[in-house]
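One structure below.
The numbers here are math on the coordinates, done by the rules we state, and not lab data. All values derive from a computational prediction rather than experimental measurement. Here the Cβ is made from the backbone with ideal geometry for all residues, glycine too, and neighbour counts use every protein chain on show.
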Amino acid sequence: MELRAVRTTLKEIQSLRLLYLQEINAQVRYNACHERGWTDSYLLTANGLPAGYGSVKGQEIKGRDTIFECYIIPPFRSMGNELFQSLLRESEVKFIECQTNDPILPTLSYAFACNIHSPVILFKEGGVTRYSLPGVIFRPRQDGDILFEHHHEPEGDYVLEVEGKIVASGGFLTHYNPPFADIYMEVTEGFKRGGLGSYIVQQVIRECYLAGRVPSARCNIENVASKATLLKAGLAIAGHMLMGEVKQ
């Protein structure tokens, strides 16, 4: 059987990618790379029949050195290794990056990559929390609000106010695959470790649902404080990002 990876357009693989998004049913970290034109698309074929697709991005925007999506429809999954080898040959990538909750690519990563490590934890919706903090006001950000200097996250659409001072902000980003959104927050210095982080995440999660989105999040695997905050606010671990170098 002739197995090939053929360079194509994003439009040509969209129907296959819809199947991938349905099967993974989770936030796809690099979803926006497609829409922003930062990817190369490959159609995987078996004797000329569509069997799946592969997507390549760069570790830097201008590069194209990393396979980050590979989906094979069920009738051809027994040929997964061989189809992936054709994608590796055609794309000449150096890295494989994927989510552990991906239905196919983690297994292929362990077969064809080395020096695999996990830099990021992924979070999904979990349990419901009902924290309250006396004297702390959660509200939408308003024109004229003076926010503290943010060092790690964007200035959020929602804030926490204590005695007239804004001490935390947060929000959710919607450039991921619908219906998933990415929760973020930051607490100003001097007010950390008091439960404000978990409280604003809890409240932003509720706003996220009201906007018709499903909350998700991520943090660096070494950021113990962020991990604890997200878990305390009701999120659960969905998986990890994997990064590996293609075996030579």
task = Just list whichever of K62/K124; K124/K227; K165/K192; K62/K94; K227/K247; K11/K57 have alpha carbons separated by over 24 Å in the model shown.
result = K62/K124; K227/K247
note = Sequence order, segment 77-85: Karplus ³J(HN,Hα) from phi using 6.51 cos²θ - 1.76 cosθ + 1.60, θ = phi - 60°, Hz rounded, Gly and Pro as x, gives 5, 5, 9, x, 4, 5, 5, 5, 4
ask   = Which distance in Å, rounded to a whole number, links the C-alpha centroids of segment 176-202 and segment 42-71?
value = 34 Å
request  = Could you grab the Rg to Rh ratio for the chain? Cα atoms only, Kirkwood for Rh.
outcome  = 1.05
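For the peptides 19-25, 82-88, what is the packing order when you average, over each peptide's residues, the other Cβ atoms within 10 Å and list the highest mean first? If you can, show how the numbers build up before the last one.
Details: 19-25: 15.1, 82-88: 20.7.
Per-residue Cβ counts within 10 Å, averaged per peptide and sorted highest first, yield 82-88, 19-25.
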request  = Quick one: divide the alpha-carbon radius of gyration of segment 48-103 by 2.2 N^0.38 Å and tell me what you get.
outcome  = 1.15
key: Cα gyration tensor, segment 125-190 - rounded (a/c under 1.5), prolate or oblate   = oblate
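How would you order 215-227, 63-75 from highest to lowest mean count of nearby Cβ atoms within 10 Å?
Top of the packing list down: 63-75, 215-227.
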query = Which value in nm describes the separation of the simple spin-label points at I146 and L210, placed 7 Å from the Cα toward the beta carbon?
reply = 2.8 nm
ask   = How many nm separate the modelled label positions at K62 and Q248, each set 7 Å beyond the Cα in the direction of the Cβ?
value = 2.5 nm
